[in-house]
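Novice: Got a structure for you, questions after.
The values are calculated or read from the model by the stated rules, or taken from the named source; none is laboratory data. Given the structure is predicted, the values throughout are model-derived calculations rather than measurements. Note: ideal-geometry Cβ built from the backbone for every residue, glycine included; neighbour counts use all protein chains shown. Accessible surface is based on the protein model in full, side chains and every heavy atom, while ligands, DNA and RNA are left aside. Shrake-Rupley method; radii C 1.70, N 1.55, O 1.52, S 1.80 Å.
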Amino acid sequence: MTIFARIAIWLTIAVLPVPEAYMETTTLALLFLVPLLVWRIYSRLKKLVARQKSQLWRHWLVAVGFPALLLFLATTTKFELLPLSSLGGAALAGGWLGVLGLKLTRFEQVGKDFFFTQHRYLGLTITMLFIARLLYRGMQIYMNTRLDVPVPPPPFGQSPLTMAAYGLVIGYYAVYAWGLLRWRQRSKPLQAAE
């Protein structure tokens, strides 16, 4: 297990709250299974940041769909200042990281096929931060149901940290997809040697 995986598991354990609610067996089992889940997600994501064949339809889907998702998320904030600014600021930071990710990406062309290998740790870090925030929100909801008098969690769009996690991942992958589209437009397929 790499040092990054160990740090991700440690951060997940350190970030997850243990409320004053009665600790049931299912809660304890869940607390022990979360690091295993994080490790499995990390193992899967590691394969996704390996060398990939460039497919235009995927790049277009992300380049158009993610900004549309960003606009939808902006409406869920009910235009309150803190969640909306968290979403926007994180989207700008994610866009800047997307530009950095493009500079660190290795592009290849083999005949008529195009391949790219993104920087492993940058993509993994951004995605794992997003997944850690989703796990945290899920854990909050689960632990809340175990209280004698459940307190309703804040609405989805009202959490600045959740909006920041969404903004970061959307900004990164949208800018990265636009960069991949620009690379494909500049590159012409090579003629196969006959």
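Novice: For the range 176-194, give me each residue that is at pLDDT 95 or above and of a type in the set (G, A, S).
Specialist: A177, G179
Novice: What number of residues within the range 139-175 are open to solvent by 50 Å² or more (accessible area, probe 1.4 Å), among the aromatic types (F, W, Y) and at pLDDT 85 or above?
Specialist: Looking only at that region, the number is 1.
Novice: Same structure again: With L61, L36, L45, L31 as the choices, which residue is assigned to a helix (DSSP H, G or I) and under 26 Å from P155 (Cα atoms)?
Specialist: Values: L61 fails: under 26 Å from P155 (Cα atoms); L36 fails: under 26 Å from P155 (Cα atoms); L45 fails: under 26 Å from P155 (Cα atoms).
Of the residues listed, the single one that is assigned to a helix (DSSP H, G or I) and under 26 Å from P155 (Cα atoms) is L31.
Novice: Kindly indicate whether L135 is buried (at least 16 other Cβ atoms within 10 Å of the Cβ), over 16 Å from the mean Cα position of the chain (by Cα) and farther than 15 Å from V175 by Cα.
Specialist: The answer is no for L135.
Novice: Counting only residues that are in contact with a Leu (Cβ under 7 Å, 6 or more places away or on another chain) and open to solvent by less than 30 Å² (accessible area, probe 1.4 Å), which one in the range 93-111 is farthest from A177 (Cα to Cα)?
Specialist: G111
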